[in-house]
Amino acid sequence: MAKVVSIDARVQDIINDIKNGENFIVVDKKGRYKGIISNERLIRYIFNPDTKIEKIYVKIKPLKTLNFLEIGRKMIASNSRVIPVEINGKIELISIWDVLENLLEIERAYFENTLARDVMNPPVIVNEWDDIKKIIAMMKSKGVSRVIVTNREEKAVGIISISDIIRYFLFKKERATKGELEEKEEKLEARSLLRERLIYAKTDDNLYKIVKILSKDRIFAVPVLENEKPVGIVTAKDILVHYLSYVDRRSLPVIVHGTSIDKIDTGIIEKKFKDLYRKFNRVIGDKPRLIVHVKKGEKGEKKGIKRKYFYIINAKIISDKIKIFASESGYDFSSTVRSLFKILEMELEEKKEENKERYYIERLLKDSLEYI
């Protein structure tokens, strides 16, 4: 059950609920619905307790359906882990765990037959003794919100998210206020933030099992391991995006998520993908789909410096033949997309040459066998 907060309230008024992981429905003075604010968003303002809710809530029109496919689409389009739904005049919040749990039963075969290796993205890895400041900088540069932590043997020992870091400093501040911290830490290492139990998946685990793990433990991501070493990461959002791509691949081979972009920018990506497929269709194979994640931030926030948008764009092409990744960043969206597709083109050129070499070797072997 979601909490309700007035648009006139401040973050400090709901601080305990934020720490407990609550999401909120925002209403005006007359109790009329205005929007929502997720715990994930609220946690980022916890050190600015005077921030008004009206400044940070998100306007999302409630869906009047319990069609979880439609709710999932709205979730990706809004880049939100919770979506408001109005049923019989009452508004509730549906979480990404709710969506995935319901889709499990609707599309059980898909979730049982799709494996972690089909969905996982390359992991961003840090060492357990790395300083948190270094990790935060790495998260910003890579455009990710979580990293996998390894020990000296390069074995996974945990996972850290931006929210974990914020919560750590919040509770540390509370302990200091109570006089429980006696000495100042000069360096905060990654291992200080790890949970006691490592929750993970293996490459051949199916999505049915992984969704059950995410839902049961109320977490948003698991590292994917082989011989205890990280080879990927799977998030609840990755699973939802992959499923929607599976449903739409005939009519909509391109899925763009993350920071919302307009139809013109989406059209640029779709055209680039069509041109790329036209050139490399034999390499890519049948039923191709492109999954793109866009993250937009601001740089130059100091006084007197003009703010500039900075884009980090990650792309993944999946088909019956290949699965390739690419990432690019820059200040101009169009030029960043062009650079991204040049990287994808180079990857496909390499695949093309590999295919040629394989063909010549197979042909040579076949010809030689005819003379034995």
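What follows draws every value from the coordinates through simple rules; no lab data is involved. Since the structure is predicted, the reported quantities are computational estimates derived from the model, not experimental observations. Heads up, the Cβs are rebuilt from the backbone with ideal geometry, glycines too, and the neighbour counts pull from every protein chain shown.
Enumerate by residue number the GluC sites (Glu not before Pro) in region 187-248 meeting two conditions: DSSP loop (anything except H, G, I, E, B), and at most 14 other Cβ atoms within 10 Å of the site's Cβ.
Details: sites: Glu189, Glu196, Glu226, Glu228; in loops: Glu196, Glu228.
Taking region 187-248 and a limit of 14 other Cβ atoms within 10 Å, the loop GluC sites (Glu not before Pro) found are Glu196, Glu228.
Output the relative contact order of the chain, whole-number percent, from Cα pairs under 8 angstrom with separation of 6+ residues.
So the answer I get is 11 percent.
I'm spelling it out carefully: the read-out is P(r) over Cα pairs in 10 Å bins from 0, in percent, the candidates are (i) 4, 19, 29, 28, 13, 4, 2, 1, 0; (ii) 5, 20, 27, 22, 13, 7, 3, 2, 1, 0; (iii) 4, 16, 17, 14, 13, 15, 13, 7, 1, 0, and one was derived from this structure. Which label?
Here the calculated entry is (i).
What translational diffusion coefficient, to the nearest whole µm²/s, does region 112-237 have by Stokes-Einstein, given a Kirkwood radius computed over alpha-carbon pairs, a temperature of 37 °C and 0.692 mPa s viscosity?
212
Read phi for every residue in region 57-72 and hand back ³J(HN,Hα) as whole Hz from Karplus 6.51 cos²θ - 1.76 cosθ + 1.60, θ = phi - 60°, with x for Gly and Pro.
Once θ is set to phi - 60°, the couplings for region 57-72 become 6, 10, 7, 10, 5, x, 7, 10, 7, 10, 6, 6, 5, 5, 5, x Hz.
What residues qualify as long-range amide H neighbours of Gly35, i.e. H under 5 Å apart, gap of 5 or more or another chain, H built at 1.01 Å from N?
Val26
Could you give the angle, 0 to 90 degrees to the nearest 10, between helix 263-284's Cα long axis and the longest principal axis of the Cα atoms of the chain?
Long axis of 263-284 versus the principal axis of the chain: about 30 degrees.
Taking every DSSP beta bridge with both residues inside the chain, roughly what % is antiparallel (nearest 5)?
75
Work out the length of the dipole vector of the chain about its Cα centre, built from +1 on the beta-carbon of each Lys and Arg and -1 on the beta-carbon of each Asp and Glu, and round it to the nearest 20 debye. Walk me through the intermediate numbers first.
Working: 74 positive and 58 negative charges, 296 e Å.
Value, rounded to 20: 1420 debye.
Is region 3-95 best put as rounded, prolate or oblate by its Cα gyration tensor, with a ≥ b ≥ c the root eigenvalues, rounded for a/c under 1.5, and otherwise prolate when a/b is larger than b/c, oblate when not? Display every interim value, and only then the final one.
Values: a/c = 2.20, a/b = 1.55, b/c = 1.42.
It comes out prolate by the Cα gyration axes.
Using per-residue counts of other Cβ atoms within 10 Å, averaged over each peptide, order 206-216, 88-98 from highest down.
The most tightly packed comes first, giving 206-216, 88-98.
Given an 8 Å cut-off on Cα distances and at least 6 residues of separation, report the relative contact order of region 3-95 as a percent.
The normalised contact order for region 3-95 reaches 25 percent.
Can you grab the distance from the C-alpha centre of region 60-83 to the C-alpha centre of region 1-41, Å, no decimals?
Rounded to whole Å, the Cα centres lie 19 Å apart.
Which of the peptides 4-11, 79-86, 346-353 is most tightly packed, and how do the rest follow, going by the mean number of other Cβ atoms within 10 Å of each residue?
Averaged packing, sorted descending, gives the order 79-86, 4-11, 346-353.
List the residues, sorted by chain then number, that are 5 or more residues from Phe310 or on another chain and whose placed amide H is less than 5 Å from its amide H.
For Phe310, whose amide H was placed from the backbone, the distant partners under 5 Å are Gly297, Glu298, Lys299.
Decide, for region 59-100, between rounded, prolate and oblate: order the square roots of the alpha carbon gyration tensor eigenvalues as a ≥ b ≥ c, take rounded if a/c falls under 1.5, and otherwise choose prolate if a/b is larger than b/c, else oblate. All intermediate terms of the calculation are to be shown ahead of the outcome.
On the way: a/c = 1.70, a/b = 1.37, b/c = 1.24.
Because a/c hits 1.5 or more and a/b exceeds b/c, region 59-100 counts as prolate.
In deg cm²/dmol and to the nearest 500, what is the mean residue ellipticity at 222 nm of the chain if only DSSP H runs of at least 4 residues count, each as -39500 (n - 2.57), divided by the residue total? List each step's numbers first, then the result.
Details: 13 runs with 155 residues, N = 372.
Estimated from H runs of four or more residues: -13000 deg cm²/dmol.
Taking amide hydrogens as modeled 1.01 Å from N in the peptide plane, which residues meet the under 5 Å criterion relative to Asn127, leaving out close sequence neighbours?
Thr150
Using the Cα gyration tensor of region 127-173, with a ≥ b ≥ c the square roots of its eigenvalues, what is the shape: rounded (a/c below 1.5), prolate (a/b larger than b/c) or oblate (neither)?
Here region 127-173 falls in the oblate category.
Mind checking the dipole of region 112-237: about its Cα centre, +1 per Lys or Arg Cβ, -1 per Asp or Glu Cβ, Debye to the nearest 20?
Details: 25 positive and 21 negative charges, 90 e Å.
In total the dipole reaches around 440 debye.
Lys and Arg at +1, Asp and Glu at -1: add these up for the other residues within a Cβ distance under 11 Å of Trp97 and post the number.
Taking every other residue near Trp97 into account, the sum is +1.
Can you run phi through the Karplus equation (6.51, -1.76, 1.60; θ = phi - 60°) for region 7-23 and list ³J(HN,Hα) in whole Hz, with x for Gly and Pro?
Coupling constants for region 7-23: 5, 8, 6, 10, 4, 4, 6, 10, 4, 5, 5, 4, 5, 8, x, 6, 9 Hz.
Could you give the angle, 0 to 90 degrees to the nearest 10, between helix 132-142's Cα long axis and the longest principal axis of the Cα atoms of the chain?
Helix 132-142 sits roughly 50 degrees off the main axis of the chain.
Quick one: compute the contact order of region 78-163, relative version, from alpha carbon pairs under 8 angstrom and 6+ residues apart, as a percent.
That works out to 17 percent.
May I ask for the angle, rounded to the nearest 10°, between helix 162-177 and the longest principal axis of the chain, with both axes built from Cα atoms and the value confined to 0 to 90°?
30
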